[in-house]
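Down below is the structure, laid out as structure tokens.
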Amino acid sequence: MKAAAAVLAGGAGLAVLATVSSCAGVGDGAPSPDVADSLRVTSPAFTPGGRLPARYSCDGAAVSPPLSWTGAPSDTRGFAVVVDDPNAPGGTFVHWVLLNVPADVTSVSTGSVPEGAVQARNTLSRTSYFAPCPPDDGVHHYRFTVYALGKPVRLGPQPDLTDALAAISHDALAQGRIVATYRRSG
């Protein structure tokens, strides 16, 4: 089980960007449990390895992109979603952790959280999607990882990032990922 997280990037204003870019990331970001990569994760907003549209960054509406997945094991009891940036200055930055997505839900709509799901704290200790807003240091890769879980995560209403990532790693049955790139223009 990998130790959990921290990270960097982000986005909502220059003050936040200045604060974030001076922070050091700690940890490994999205957990990498020893499970099958059997989930197929897709998004109608971008192609695998393609550019994340500005709408989903601090340069746009700063909303989470739509995601869908297939291929969950029959004993899946729920899903988790982790969005992180391994290219952030100082270490991986976790932008979003979504826990306890019901087992019968196989997608997340733009800017939404499925009923029954819980958002854990991200690297900035916020319980929300923190839109990509990388510094002008090149292309960043945003990993949207979905985990099939064998049981619900029971950590309370606003789980700590480290606890949430550890629970995902412990209870994951399968995983899948789609990666988007983003570089701020200007």
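The values are calculated or read from the model by the stated rules, or taken from the named source; none is laboratory data. Since the model is a prediction, treat every value here as computed from it, not as a measurement. Using ideal geometry, Cβ is built from the backbone for each residue, glycine included, and neighbour counts are taken over all protein chains shown. These area figures cover heavy atoms from the full protein model, side chains too; ligands, DNA and RNA do not enter into them. Shrake-Rupley method; radii C 1.70, N 1.55, O 1.52, S 1.80 Å.
Cβ separations smaller than 8 Å between residues 6+ apart or across chains give the following pairs from region 83-104 residues that are aromatic (F, W, Y) to residues that are part of a strand (DSSP E or B) and surrounded by fewer than 24 Cβ atoms within 10 Å (Cβ to Cβ): W96/Q119. Note on region 153-186: residues that are open to solvent by less than 20 Å² (accessible area, probe 1.4 Å) and in contact with a His (Cβ under 6 Å, 6 or more places away or on another chain) amount to 1. Of the residues that make up region 61-81, is at least one aliphatic (A, V, I, L, M), in contact with a His (Cβ under 9 Å, 6 or more places away or on another chain) and either at pLDDT 95 or above or open to solvent by 40 Å² or more (accessible area, probe 1.4 Å) (or both)? Within region 61-81 (the criterion being aliphatic (A, V, I, L, M), in contact with a His (Cβ under 9 Å, 6 or more places away or on another chain) and either at pLDDT 95 or above or open to solvent by 40 Å² or more (accessible area, probe 1.4 Å) (or both)), the answer is no, since none of the residues qualifies.
In region 114-134, the residue that is farthest from R183 (Cα to Cα) out of those that are out of contact with any strand residue (DSSP E or B) (no Cβ under 7 Å at 6 or more places or on another chain) and open to solvent by 20 Å² or more (accessible area, probe 1.4 Å) is E115.
For region 100-112, check the following and say yes or no: at least one residue is outside any strand (DSSP E or B), loosely packed, with under 14 Cβ neighbours inside 10 Å, in contact with a Lys or Arg (Cβ under 8 Å, 6 or more places away or on another chain) and not polar (S, T, N, Q). There is no residue in region 100-112 that is outside any strand (DSSP E or B), loosely packed, with under 14 Cβ neighbours inside 10 Å, in contact with a Lys or Arg (Cβ under 8 Å, 6 or more places away or on another chain) and not polar (S, T, N, Q). For region 59-98, the set of residues classified as outside any strand (DSSP E or B) and hydrophobic (A, V, I, L, M, F, W, C) consists of A61, A62, V63, A72, A88, listed by residue number.
The set of residues from region 135-152 being buried (at least 22 other Cβ atoms within 10 Å of the Cβ) and either in a loop (DSSP other than H, G, I, E, B) or of a type in the set (A, V, I, L, M) (or both) comprises V146, A148, L149.
In the set (1) at pLDDT 95 or above; (2) open to solvent by less than 30 Å² (accessible area, probe 1.4 Å), A4 fails one condition alone, (1).
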